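Below: one structure, written as structure tokens.
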Amino acid sequence: MPLCFIEPHDAIRVILESVGKEARRQLLGELIRAWVDDIPEEQLASHYARAVQDLDDADLSMLAAWHASLEIGQPIPSRDFLLRVFPTLGDNRREALKLAAGFRGEEAFESGISEEQALNTVLPSLSRTRAEELVNESLELYVWDRIGSDN
């Protein structure tokens, strides 16, 4: 009997295509967070700048509100402020990028931008180890989706 092996990156794609809208949304969110975790430190600022550039006013306000929770001063919901303060966030820079990229990803999901585009951007940059971890989460979402979530 032949055995079939599938790479973790491909398994994530297959599972994503097999679940409903809410499970896809959650899986894409997990992919974005994993991608941010794997970004080299020296590239964080450039990715943050790209993510913030595409945010609308409501998302800029929510990101500024998150900054307020860090007590870094009076946050202003503007791109200039958010970009200027990013280097001062220290260990919170990855979290800020996860939020900004998540807002951007959510907008893309809502406007119908293809999940394929997100996958083509994020999946290749994930390490094999990280992709294997995401396969496990993907399988949990698959089961959750199949046992009766509201999709």
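The values are calculated or read from the model by the stated rules, or taken from the named source; none is laboratory data. Predicted, not measured: the structure shown is a model, and the values here were computed from it. No Cβ is skipped: glycine too gets one built from the backbone with ideal geometry, and neighbour counts run over all protein chains shown.
What number of residues within the stretch 50-60 are surrounded by 15 or more Cβ atoms within 10 Å (Cβ to Cβ) and in a helix (DSSP H, G or I)?
4
Does residue 108 satisfy the condition of being among the aliphatic types (A, V, I, L, M), modelled with pLDDT of 80 or more and crowded, with 16+ Cβ neighbours inside 10 Å?
Criteria not met by residue 108.
Of the residues 123, 97, 82, which is of a type outside the set (Ser, Thr, Tyr), in contact with a Phe, Trp or Tyr (Cβ under 7 Å, 6 or more places away or on another chain) and either at pLDDT 90 or above or on the phi < 0 side of the Ramachandran plot (or both)?
Result: 97 is the single residue among 123, 97, 82 that is of a type outside the set (Ser, Thr, Tyr), in contact with a Phe, Trp or Tyr (Cβ under 7 Å, 6 or more places away or on another chain) and either at pLDDT 90 or above or on the phi < 0 side of the Ramachandran plot (or both).
If residue 67 satisfies every condition in (1) farther than 23 Å from residue 121 by Cβ; (2) in contact (Cβ under 8 Å) with a residue 12 or more places away in the chain; (3) surrounded by fewer than 18 Cβ atoms within 10 Å (Cβ to Cβ) but one, which is the exception?
Residue 67 satisfies all of (1) farther than 23 Å from residue 121 by Cβ; (2) in contact (Cβ under 8 Å) with a residue 12 or more places away in the chain; (3) surrounded by fewer than 18 Cβ atoms within 10 Å (Cβ to Cβ) except (3).
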